[in-house]
Amino acid sequence: MNKNTNATIKELQTGLAQGTFSSAEITSDYLTKINLLNPDINAFISITREKALEQAKAADQLIADGKASALTGIPLAHKDIFCTDGTTTTCGSRMLENFKAPYNANVIQNFENQHAVMLGKTNMDEFAMGSSNENSFYGPVKNPWALDSVPGGSSGGSAAAVAAGLAPAATGTDTGGSIRQPAAFCGITGLKPTYGRVSRYGMIAYASSLDQGGPMAHTAEDCAILLQTMAGFDKRDSTSMDKEIPDYSASLNNDLSGLKIGLPKEYFAEGLNSDVARNIDEAISQYQKLGAEIKDISLPNSKIAIPTYYVVAMAECSSNLSRFDGVRFGHRCDDPKDLEDLYKRSRGEGFGEEVKRRIMIGAYTLSAGYYDAFYLKAQKLRRLISQDFSQAFEEVDIIAGPTTPEVAWKTGEKSADPVSMYLQDIYTISVNLAGLPGMSVPAGFADGKPVGLQLIGNYFDESRLLNAAHQFQQHTDWHQMSPEEK
Amino acid sequence: MSLKTEDVKNIAHLARLAIDDDAVTDYASDLSNILDLVEQMNQVDTDNVQPMAHPMDAQQRLRDDDASEPDQRDKFQSIAPDVENGLYRVPKVIE
């Protein structure tokens, strides 16, 4: 196997700049590897081979002409939730099986402006609803570390693609942990930025007040490079924040001495697998060696984060997914007898089971007379959860803990009971409710499967998270491990 | 909290979702389990707590009411299931 396909973006940038290889060569290496391994892993829904080779050739010309930008010629995979002009964007659903978006998502356009190369679109839980990638119309994704296990979700295709060396990095989205949890399960590095940091324009909406796009890569250094291109104000996203974008790579090597790291006792309580806990303890010790001060903190409202999250997310999803009506785009049923029949059957046929469950719960909680008891109550709890973090950040710089209570479970193990799967999101969803940035960093193995360390930062403090993660990766090699060498 | 099959049928109607008759019982049980989970919200008193709609309590931006998007009718309609003369076609609504 060609060694290039396990390279980091940083290494690819150097190789391209020095002429060690061309973009066409590395793009073709990745495409070859995708052809070879994707049938087993199912990380991609579509492979945009011709477009990729065309973009690579154009990138090589720019490099030769001295007109390259940071990501020119770098191959990337994009979660199939980001609209890509002219190629299919399915969102993991039958509803959008033949949907060719008429425009690019802001994130996609930002990468195109830099002449990055798109290898294809990655598999995902339908409409980003799921924690295991089993809810995809295009079949489940396999975890490259253990093919009988899930890769996590909903950005499981992106995580599996990077872990298996089918792409050096990928985009993902995170509504309740959908970047961090699959990053943890697949042994890669993932960052969910602050809500509003990355434009949601052209990113198919699940729960608008929680959704946020971000990078998934081998290293924190690569996440910094990608975030630099993804972040920024966009007037077409009504919740985009107009804030200065720091140079994320510039602070990666800052010294960690005196960094105050808080450990929330609720994240180390009952339910945490003891092997996962051991790895996280070792990671914390590593931070102490690097000069960080460890403090015990409390996030007392963590216990109600899961119900709060699911009320907010399901209400917003039922509202967002009302646009799929079989009229303007997407699936339409055959021979509708009237308009209501057209709506109902188009949606009934186009959506999978989990999406229907969430739409129905959302429709129920928003129906007349129930708003205060559900959505309003959840918004109040959201305030309390958020205040827990604000108080914690008065004492500490970042918060650390496990990304997930367990390592990747076996495919099918939790799919019969939706609630048992929801409970797995316990450590990630509060971060979305509060709108904070969070990362998952490879921190060891339990039962032969990767363990993720979660780092949570204050609003717009991605630089500090990336710095802390990068320093950890300078002293550990978990992020360099590859399932091929296992 | 326990939803009956009639409740499920009503919710499915509100959400404009056709669901199979033989799946209604399973939905009733799954949705009831989810609502049981949701009920845990009541463990915490939220009197006098302001609801939070945006993590940083940002306000929606307003913009001038200017047309800014170019006309892309053909492109947008090329992905529609059924169009005629630049219009979207649906079954007859008014007899």
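Any idea which residue in segment A:63-88 is surrounded by the most Cβ atoms within 10 Å (Cβ to Cβ), counting only those that are at pLDDT 95 or above, over 25 Å from A:Thr5 (Cβ atoms) and within 14 Å of chain B (Cβ to nearest Cβ)?
A:Cys83
Evaluate the following for A:Pro307: is it part of a loop (DSSP other than H, G, I, E, B) and either within 7 Å of chain B (Cβ to nearest Cβ) or touching a strand residue (DSSP E or B) at 6+ places or on another chain (Cβ under 7 Å) (or both)? I'd like the intermediate steps shown before the answer.
Numbers: part of a loop (DSSP other than H, G, I, E, B): no; either within 7 Å of chain B (Cβ to nearest Cβ) or touching a strand residue (DSSP E or B) at 6+ places or on another chain (Cβ under 7 Å) (or both): yes.
So A:Pro307 does not fit the description; no.
Mind checking which pairs have a first residue in segment B:74-86 that is within 10 Å of chain A (Cβ to nearest Cβ) and a second that is surrounded by 12 or more Cβ atoms within 10 Å (Cβ to Cβ) and assigned to a helix (DSSP H, G or I), Cβ under 6 Å, 6 or more apart or different chains?
From residues that are within 10 Å of chain A (Cβ to nearest Cβ), the pairs are B:Val83/B:Gln77.
Pull up segment A:310-339, narrow it to residues that are of a type in the set (Asp, Glu) and surrounded by 15 or more Cβ atoms within 10 Å (Cβ to Cβ), then point me to the one that is nearest to the other protein chains (Cβ to nearest Cβ).
Filtering segment A:310-339 down to residues of a type in the set (Asp, Glu) leaves A:316, A:325, A:334-335, A:338.
Subsequent filtering for residues that are surrounded by 15 or more Cβ atoms within 10 Å (Cβ to Cβ) retains A:316, A:325.
Working: A:Glu316: 11, A:Asp325: 8 Å.
Restricting to residues being of a type in the set (Asp, Glu) and surrounded by 15 or more Cβ atoms within 10 Å (Cβ to Cβ), the top hit is A:Asp325.
Consider segment A:281-304. How many of its residues are more than 10 Å from chain B (Cβ to nearest Cβ), under 14 Å from A:Glu266 (Cβ atoms) and either among the aliphatic types (A, V, I, L, M) or not in a helix (DSSP H, G or I) (or both)?
Taking segment A:281-304 as the starting set, the residues that turn out to be more than 10 Å from chain B (Cβ to nearest Cβ) are A:281-299, A:302.
This time we only want the ones that are under 14 Å from A:Glu266 (Cβ atoms), so: A:296-299, A:302.
This time we only want the ones that are either among the aliphatic types (A, V, I, L, M) or not in a helix (DSSP H, G or I) (or both), so: A:296-299.
Number of matching residues: 4.
Among the residues of segment A:250-303, write down those that are of a type in the set (Gly, Ala, Ser) and surrounded by fewer than 16 Cβ atoms within 10 Å (Cβ to Cβ).
In the first step, residues of segment A:250-303 are kept if they are of a type in the set (Gly, Ala, Ser); the result is A:250-251, A:257-258, A:262, A:269, A:271, A:274, A:277, A:283, A:285, A:291-292, A:298, A:302.
Within segment A:250-303, A:Ala250, A:Ser251, A:Ser257, A:Gly258, A:Ala269, A:Gly271, A:Ser274, A:Ser285, A:Gly291, A:Ser298 meet the criteria.
Determine which member of the set A:Leu166, A:Leu147, A:Leu191 is on the phi < 0 side of the Ramachandran plot, surrounded by fewer than 24 Cβ atoms within 10 Å (Cβ to Cβ) and either among the basic types (Lys, Arg) or away from chain B (no Cβ under 14 Å) (or both).
Working: A:Leu166 fails: surrounded by fewer than 24 Cβ atoms within 10 Å (Cβ to Cβ); A:Leu191 fails: surrounded by fewer than 24 Cβ atoms within 10 Å (Cβ to Cβ).
Selected residue: A:Leu147, the only one of A:Leu166, A:Leu147, A:Leu191 that is on the phi < 0 side of the Ramachandran plot, surrounded by fewer than 24 Cβ atoms within 10 Å (Cβ to Cβ) and either among the basic types (Lys, Arg) or away from chain B (no Cβ under 14 Å) (or both).
Criterion first (small (Gly, Ala, Ser) and within 26 Å of the chain's Cα centre (by Cα)) does A:Gly352 satisfy it?
yes
State whether one or more residues within segment B:48-69 are more than 23 Å from the chain's Cα centre (by Cα), more than 7 Å from every other protein chain (Cβ to nearest Cβ) and not in a loop (DSSP other than H, G, I, E, B).
Taking every residue of segment B:48-69 in turn, none turns out to be more than 23 Å from the chain's Cα centre (by Cα), more than 7 Å from every other protein chain (Cβ to nearest Cβ) and not in a loop (DSSP other than H, G, I, E, B).
Considering only segment A:197-210, I want to know if a residue exists there that is assigned to a helix (DSSP H, G or I) and either without any contact (Cβ under 8 Å) to a residue 24 or more places away in the chain or touching an Asp or Glu at 6+ places or on another chain (Cβ under 9 Å) (or both).
Initially, segment A:197-210 is screened for residues assigned to a helix (DSSP H, G or I), giving none.
Checked against the condition, which is being assigned to a helix (DSSP H, G or I) and either without any contact (Cβ under 8 Å) to a residue 24 or more places away in the chain or touching an Asp or Glu at 6+ places or on another chain (Cβ under 9 Å) (or both), segment A:197-210 yields no hits at all.
Please find, among A:Ser158, A:Ser178, the residue that is assigned to a loop (DSSP other than H, G, I, E, B), away from chain B (no Cβ under 14 Å) and either crowded, with 24+ Cβ neighbours inside 10 Å or not polar (S, T, N, Q) (or both). Write out each step before concluding.
Values: A:Ser158 fails: assigned to a loop (DSSP other than H, G, I, E, B).
That would be A:Ser178, the only listed residue that is assigned to a loop (DSSP other than H, G, I, E, B), away from chain B (no Cβ under 14 Å) and either crowded, with 24+ Cβ neighbours inside 10 Å or not polar (S, T, N, Q) (or both).
Quick check, is A:Pro442 part of a loop (DSSP other than H, G, I, E, B) and either within 9 Å of another protein chain (Cβ to nearest Cβ) or in contact (Cβ under 8 Å) with a residue 24 or more places away in the chain (or both)?
Values: part of a loop (DSSP other than H, G, I, E, B): no; either within 9 Å of another protein chain (Cβ to nearest Cβ) or in contact (Cβ under 8 Å) with a residue 24 or more places away in the chain (or both): yes.
No.
Among the residues of segment B:34-44, is any in contact with a Pro (Cβ under 6 Å, 6 or more places away or on another chain), of a type in the set (S, T, N, Q), part of a helix (DSSP H, G or I) and at the interface with chain A (Cβ under 7 Å from one of its Cβ atoms)? Even if it seems obvious, please write down each step before you answer.
Restricting attention to segment B:34-44, the residues satisfying the condition of being in contact with a Pro (Cβ under 6 Å, 6 or more places away or on another chain) are B:37-38, B:40-41.
Going one step further and asking which of them are of a type in the set (S, T, N, Q), we end up with B:40.
Restricting the remaining residues to those that are part of a helix (DSSP H, G or I) gives B:40.
Right, trim to at the interface with chain A (Cβ under 7 Å from one of its Cβ atoms) and you get B:40.
So far as segment B:34-44 goes, yes, one or more of its residues are in contact with a Pro (Cβ under 6 Å, 6 or more places away or on another chain), of a type in the set (S, T, N, Q), part of a helix (DSSP H, G or I) and at the interface with chain A (Cβ under 7 Å from one of its Cβ atoms).
Mind checking which pairs have a first residue in segment A:238-255 that is within 14 Å of another protein chain (Cβ to nearest Cβ) and of a type in the set (Lys, Arg) and a second that is in a loop (DSSP other than H, G, I, E, B) and surrounded by 11 or more Cβ atoms within 10 Å (Cβ to Cβ), Cβ under 8 Å, 6 or more apart or different chains?
As it stands, the answer is A:Lys243/A:Gly196; A:Lys243/A:Arg197; A:Lys243/A:Phe233; A:Lys243/A:Phe460, since those pairs meet every condition given.
So, in segment A:394-430, of the ones that are among the β-branched types (Val, Ile, Thr) and out of contact with any helix residue (DSSP H, G or I) (no Cβ under 8 Å at 6 or more places or on another chain), which residue ends up surrounded by the most Cβ atoms within 10 Å (Cβ to Cβ)? Full working, then the answer.
Keep residues of segment A:394-430 that are among the β-branched types (Val, Ile, Thr), which gives A:396, A:398-399, A:403-404, A:407, A:411, A:419, A:426, A:428-429.
From what is left, the residues that are out of contact with any helix residue (DSSP H, G or I) (no Cβ under 8 Å at 6 or more places or on another chain) are A:396, A:411.
Values: A:Val396: 22, A:Thr411: 20.
Restricting to residues being among the β-branched types (Val, Ile, Thr) and out of contact with any helix residue (DSSP H, G or I) (no Cβ under 8 Å at 6 or more places or on another chain), the top hit is A:Val396.
A:Tyr459: within 17 Å of A:Gly213 (Cα to Cα), at pLDDT 95 or above and either over 18 Å from the mean Cα position of the chain (by Cα) or among the aromatic types (Phe, Trp, Tyr) (or both), yes or no?
Working: within 17 Å of A:Gly213 (Cα to Cα): yes; at pLDDT 95 or above: yes; either over 18 Å from the mean Cα position of the chain (by Cα) or among the aromatic types (Phe, Trp, Tyr) (or both): yes.
For A:Tyr459, the condition - within 17 Å of A:Gly213 (Cα to Cα), at pLDDT 95 or above and either over 18 Å from the mean Cα position of the chain (by Cα) or among the aromatic types (Phe, Trp, Tyr) (or both) - is met.
Output the number of residues of segment B:1-26 satisfying the condition of being within 7 Å of chain A (Cβ to nearest Cβ), surrounded by 19 or more Cβ atoms within 10 Å (Cβ to Cβ) and assigned to a helix (DSSP H, G or I). Even if it seems obvious, please write down each step before you answer.
Pass one, segment B:1-26, residues within 7 Å of chain A (Cβ to nearest Cβ): B:11-12, B:14-19.
Narrowing the set further to residues that are surrounded by 19 or more Cβ atoms within 10 Å (Cβ to Cβ) leaves B:11-12, B:15-17, B:19.
Going one step further and asking which of them are assigned to a helix (DSSP H, G or I), we end up with B:11-12.
Going through segment B:1-26 one residue at a time, the tally reaches 2.
When segment A:340-380 is examined, which residues are found to be part of a loop (DSSP other than H, G, I, E, B) and either within 8 Å of chain B (Cβ to nearest Cβ) or buried (at least 21 other Cβ atoms within 10 Å of the Cβ) (or both)? Steps first, please.
Start the filter on segment A:340-380 by keeping residues that are part of a loop (DSSP other than H, G, I, E, B), which leaves A:351-352, A:367-371.
Listed by number, the residues that qualify are A:Phe351, A:Ser367.
The values are calculated or read from the model by the stated rules, or taken from the named source; none is laboratory data. Worth saying up front: this structure is predicted, and the values here are computed from it rather than measured. In this analysis, Cβ positions are derived from the backbone assuming ideal geometry, glycine residues included, and neighbour counts consider all displayed protein chains.
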